[in-house]
1. If I ask for residues that are loosely packed, with under 12 Cβ neighbours inside 10 Å and part of a loop (DSSP other than H, G, I, E, B), which ones from region 31-69 would you list?
2. Looking at region 23-30, is at least one residue surrounded by fewer than 13 Cβ atoms within 10 Å (Cβ to Cβ) and assigned to a helix (DSSP H, G or I)?
3. Please identify the pairs in which a residue from region 74-97 that is within 17 Å of Trp47 (Cβ to Cβ) has its Cβ atom under 7 Å from the Cβ atom of a residue that is at pLDDT 90 or above and aromatic (Phe, Trp, Tyr), counting only partners at least 6 apart or on another chain.
4. Taking Gly31 as meeting all but one of (1) touching a residue at least 40 places away in the same chain (Cβ under 8 Å); (2) farther than 13 Å from Leu8 by Cβ, write down the number of the exception.
Amino acid sequence: MLSFFRKLSLVEGLSLIVLLFIAMPAKYQFGYVDSIWQVGMTHGVLWLAYFVTSLVVSHQQKWSVMFWMLVLFASVIPFACFFLDRKFKNQNETVIA
């Protein structure tokens, strides 16, 4: 389940980057109003899936509440998904070994 969460975390993080650095500037700088709705809706659905999956994984991996909150906080910071992925990769390798 952790490997699925890692992939979901990367996809959700990339959707945040696309929303903040492509769709929103396209709307506010260039007047492309139609593009932000699809990107925003996709990001919202991915974030909800991220939230629910983080709850499941936190119980399976026995994360502390503070670490789970850090994982949620990382979901709203652009590019934090890559640092989180590295942490999960190291955690997954520790479990396998």
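The values are calculated or read from the model by the stated rules, or taken from the named source; none is laboratory data. Bear in mind the structure is a predicted one, so any value in this text is a computation, not a measurement. With ideal geometry, Cβ positions are generated from the backbone for all residues, glycine too; neighbour counts draw on all protein chains shown.
1. Gly31, Val33, Lys62, Ser64
2. Yes - at least one qualifying residue is present in region 23-30.
3. From residues that are within 17 Å of Trp47 (Cβ to Cβ), the pairs are Ser75/Trp47; Ser75/Tyr50.
4. The single condition Gly31 does not satisfy is (1).
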